[in-house]
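S.K.: Encoded as C-alpha cells, here's the structure I'll be asking about.
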Amino acid sequence: NYLNRCPTDSEKEEVLSIMERRGFPGCFASWDCKHFNWERCPVRLAGQHKGSKVGKALILEAISDPFLYIWYSFFGEPGSLNDINVLDKSTIIGAIISQQFNGKVNEYVINGRRRDWLYFLVDGIYPPFSIFCKTLSIPLTDAQRCYAKRHESVRKDVERAFGVMVQRFGVLKRPIRNWYLKDIQNIVNCCIIL
C-alpha cells in the first residue's frame, strides 16, 4: 500500500535525521494544499467549486518529506474552501487522531521543552495545534529572521513535491477535463503513487 500509510520506524528515523540536520528535530514533513483547475466541472457543482486562485477547482491536501514522498493525501474538496476548512475534513488529521499515523518519536528538546511527538511545517493560516510549526510573519530579531528563512526554505518540500508531480504528469498540468470526481480522484492518486 503506497498511499496514506504510516511510515515504518526505519523510514521515520531516516526522515527525522534529515530534518534534524536541517535544523528541525522532531519534524517529519511539510503540509499544504494545492488547487487544481477543474475545467469540466458540472454546472450543478460549479458554485461550491468556485476557487479564488483558479476558476472551478479541486483541492489536494498532502504531507511530503524531504525525499518528495507524499505520505498522506486528501483530494477532492471544493475549491471554495480554504486550507482551514479542508483541514476540518482531512483524512490526514483523522489518521493522526485515530493513531493510524503513529506520531510518537524518540524524545527531543526544542527551546528547553522535551517532546516525543512529531510535528509538521505549515504556512501561517493553519491553527495553533501542537503538531503544526508555523513561521514568524514579522521576524524582528536576527535569530527570528534566521528561523523564518530556514522554516520557509524547508517547508518548500511539499511545494516541490506538488511541482514535480504536476511537471511529471501532463494530465495535472492542464485544467482537469474529466466530468466524474471519482475518476479524477483515481487519476490524482495514481500520479501520487507513481
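S.K.: Dipole of the chain (Lys/Arg Cβ +1, Asp/Glu Cβ -1, origin at the Cα centre): which of Gly124, Gln99, Pro78 lies farthest to the positive side?
M.R.: The one lying farthest along the dipole's positive direction is Pro78.
S.K.: 222 nm [θ] for the chain, helices only, -39500 (n - 2.57) per DSSP H run of 4+, per residue, to 500?
M.R.: Working: 6 runs with 71 residues, N = 194.
Theoretical 222 nm ellipticity from helices: -11500 deg cm²/dmol.
S.K.: With springs only between Cα atoms under 10 Å apart, run a GNM on the chain and tell me which of Asn85, Asn102, Asn111 wobbles the most.
M.R.: Evaluated over the chain, the most mobile residue of the options is Asn111.
S.K.: If you rank His35, His151 by how much accessible surface each has, with a 1.4 Å probe, what is the order from largest down? Mind showing how you got there, number by number?
M.R.: Values: His35 30, His151 0 Å².
In descending accessible area the options line up as His35, His151.
S.K.: With every protein chain left in place, what is the accessible area per residue of the chain in square angstrom, probe 1.4 Å?
M.R.: On the way: 10510 Å² over 194 residues.
Averaged over the residues of the chain, the accessible area is 54 Å².
S.K.: Right, another one. At 1.4 Å probe size, with the rest of the protein present, what percent of the exposed accessible area of the chain is carbon and sulfur atoms? Provide the component values of the computation, followed by the final result.
M.R.: Details: 5470 of 10510 Å².
In the chain, the share of accessible area belonging to carbon and sulfur is 52 percent.
The values are calculated or read from the model by the stated rules, or taken from the named source; none is laboratory data. Note that this is a predicted model, so its numbers are computed, not measured. Note that we place each Cβ from the backbone using ideal geometry, even for glycine, and neighbour counts take in every protein chain shown. With ligands, DNA and RNA removed, areas are computed over all heavy atoms of the protein, side chains included. Shrake-Rupley method; radii C 1.70, N 1.55, O 1.52, S 1.80 Å.
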